[in-house]
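> Questions regarding the structure given below will be posed in turn.
Every number in this text was worked out from the coordinates using simple rules, so none of it is lab data. All values derive from a computational prediction rather than experimental measurement. Positions of Cβ are generated from backbone atoms using ideal geometry, with glycine treated the same way; all protein chains shown enter the neighbour counts.
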Amino acid sequence: MTSIRIQARPLLSKSHFHAHTGVAVLVDENTRLHCYEKIKNQLPAHSLIEIPAGEKHKNLTTCQKVWQALTDAGMDRHSLLVVMGGGVAGDLGGFCASTYKRGIDFMIIPTTLLAMADASIGGKTGVDFGSLKNQVGTFNLPLATCIATEFLKTLPTPELRSGFAEIIKHALISDRAVWNTIRKKSLDEQDWPKLVRHSVKFKSAVVRKDPQEKGLRKILNFGHSLGHALESYFLDTRTPLLHGEAIAAGMVLEGHIAFGKKLLTKSDLDGIAGYIHRIFGKIEPPEAEKLLPALRQDKKNRGNVILMALPKSIGKAVYDIPVSEREIRSALGFYQTFQT
């Protein structure tokens, strides 16, 4: 299992590097500017690889540039790739490491709330293919994940809010008490170190039981079927959504589906939708026909049946639940007309 260090000082240990013949560090332009200098002196001699930031660059074209940089730096199969950044960098960097010379070690230093609470935990790597989210990827645990919540001070509010969506998701499917604490506070009032620890503990426990998402781990996909479909749709518009913004809308939509299946009460649904709308605002979702192609390609499906993970009351979840196109249209109607 991955070694996870939270708030350790120093963040990096010599033990992370002693067995490797070479070290490369992957950053994007944001982490290069705001975060890299904070840990540079804790790193051994290394090559620095910079990629552009943003979901639109999480593709095989960017991977080719990373693979070429690793090759040019002379990295062999005993090298280590240190990935410093948010969810996009972690997914893409982990995928590049998993495939370079059939796999080299990598470690992750998450710098966004989204990455700390979710994306850096569990060993999912991957890139988008065309407009489809994470269509190509691997399961491969990093050597270590080193988390320092002080990096959150470098984030603009939209990025912080985006990561908050995954924390909300974890509370809704694991812990009603945490959800009740969260929903009483604004974004600025949240206790980030405490919430990150809760998310890491919960997700790590799930991953240990089901590392390759054969069963229980599927509950972590609550909000992601419709959320990924929305994210893919808006990626090709002038107003792309951050991942957490799409997942927040996805949780409202899938919450309504859960209510229709008598898994959630009306009070719980209204509580979820009301709080998410207050924190994230509302998007203008397209009609169902524009989301269904991406939904039909979702990795959780079996055959032609759309399957979702849904909350079963607050604090529990179920998975592999068949969902009809009628239910999806009904959820979109609820989202558009819901008033806080």
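> Among DSSP beta bridges lying fully in the chain, give the percent that are antiparallel, nearest 5.
30
> Using the alpha-carbon atoms, what tilt in degrees (0 to 90, nearest 10) does helix 266-280 show relative to the longest principal axis of the chain?
Tilt of helix 266-280: around 50 degrees.
> Which residue, Ala246, Leu226, Phe259, has the largest displacement toward the positive end of the dipole of segment 208-340 when charges sit on each Cβ (Lys, Arg +1; Asp, Glu -1)?
Checked the options; the winner is Phe259.
> Taking the Cα centre of each part, how many Å lie between segment 252-287 and segment 94-123?
31
> Give me the dipole magnitude in Debye, nearest 20, for segment 112-196 about the Cα centre, with unit charges on the beta carbon: positive for Lys and Arg, negative for Asp and Glu.
For segment 112-196, the charge dipole is close to 240 debye.
> Please give the net charge around Gly250, taking every other residue with its beta carbon less than 12 angstrom from that of Gly250, where Lys and Arg add +1 and Asp and Glu add -1.
-3
> Can you return the aspartates and glutamates within cross-link range of Lys214? Criterion is Cα-Cα under 19 Å, with same-chain partners fewer than 8 residues away left out.
Of all the aspartates and glutamates, those that pass the test against Lys214 - Cα under 19 Å, at least 8 places apart if same chain - are Asp118, Asp298, Asp320.
> Oh, and also: Show me, for segment 105-117, the HN-Hα J-couplings you get by feeding each phi into the Karplus relation (A = 6.51, B = -1.76, C = 1.60, θ = phi - 60°), rounded to Hz, glycine and proline as x.
5, 9, 9, 10, 10, x, 10, 10, 5, 4, 6, 5, 7
> May I pose another question? Given the peptides 262-274, 99-111, 78-90, arrange them by the average over their residues of other C-beta atoms within 10 Å, most packed first.
Per-residue mean Cβ counts within 10 Å order the peptides as 78-90, 99-111, 262-274.
> In nm, what is the difference between 0.36 nm times the number of residues separating Asn140 and Thr265 and their Cα-Cα distance?
Additional length available on full extension: 41.2 nm.
> With Cβ to Cβ distances under 14 Å as the rule, what net charge do the other residues near Gly122 carry (K, R +1; D, E -1)?
After counting each charged neighbour, the total is +4.
> Roughly how big is the chain's charge dipole about its Cα centre, with Cβ charges of +1 (Lys, Arg) and -1 (Asp, Glu), in debye to the nearest 20?
Its charge dipole is roughly 1020 debye.
> Let me ask something else about it. Toward the positive end of the charge dipole of the chain, about the Cα centre and with charges on Cβ (Lys, Arg +1; Asp, Glu -1), which of Pro286, Ala144, Thr99 goes farthest?
Sorting the options by dipole projection puts first Ala144.
> Quick one: 3J(HN,Hα) in Hz for segment 301-308, Karplus 6.51/-1.76/1.60 with θ = phi - 60°, rounded, Gly and Pro as x.
Residue by residue, segment 301-308 yields 6, 10, x, 9, 9, 6, 10, 10 Hz.
> A follow-up question, please. Once you've got the Cα coordinates, tell me which of Lys58/Lys312; Lys133/Lys185; Lys14/Lys101; Lys209/Lys261 are over 29 Å apart.
Lys58/Lys312; Lys133/Lys185
> Shifting gears a bit: Starting with the highest mean, order 40-48, 23-31 by the number of other Cβ atoms within 10 Å, averaged over the residues of each peptide.
Packing proxy ranking, top to bottom: 23-31, 40-48.
> What ranking, highest mean first, results for peptides 166-178, 132-144 when packing means the other Cβ atoms within 10 Å averaged over each residue?
Ranking, from highest mean packing down: 166-178, 132-144.
> Kindly write out, for segment 251-258 in residue order, the coupling ³J(HN,Hα) from the Karplus curve 6.51 cos²θ - 1.76 cosθ + 1.60 (θ = phi - 60°), rounded to whole Hz, with x marking Gly and Pro.
Couplings: 5, 5, 4, 6, x, 5, 4, 4 Hz.
> Could I ask something else about it? Straight-line reach from Lys38: which aspartates and glutamates fall under 12 Å, measuring Cα to Cα and dropping same-chain residues less than 8 apart?
Glu150
> Can you work out the FRET efficiency for the pair Asp320 and Leu187, with r the C-beta to C-beta distance and R0 = 35 Å, to the nearest 0.05?
That pair, Asp320 with Leu187, gives E of 0.60.
> Let me ask you something else. Between segment 206-224 and segment 37-71, what is the C-alpha centre distance in whole Å?
Here the two parts' Cα centres lie 28 Å apart.
> Which far-off residues, 5 or more places away or on another chain, put their amide H under 5 Å from the one on Asp320, with H placed in the peptide plane?
Met308, Ala309
> Can you give the angle from 0 to 90° between the axis of helix 325-337 and the longest principal axis of the chain, with both taken from C-alpha atoms, to the nearest 10?
Result, in degrees: 90.
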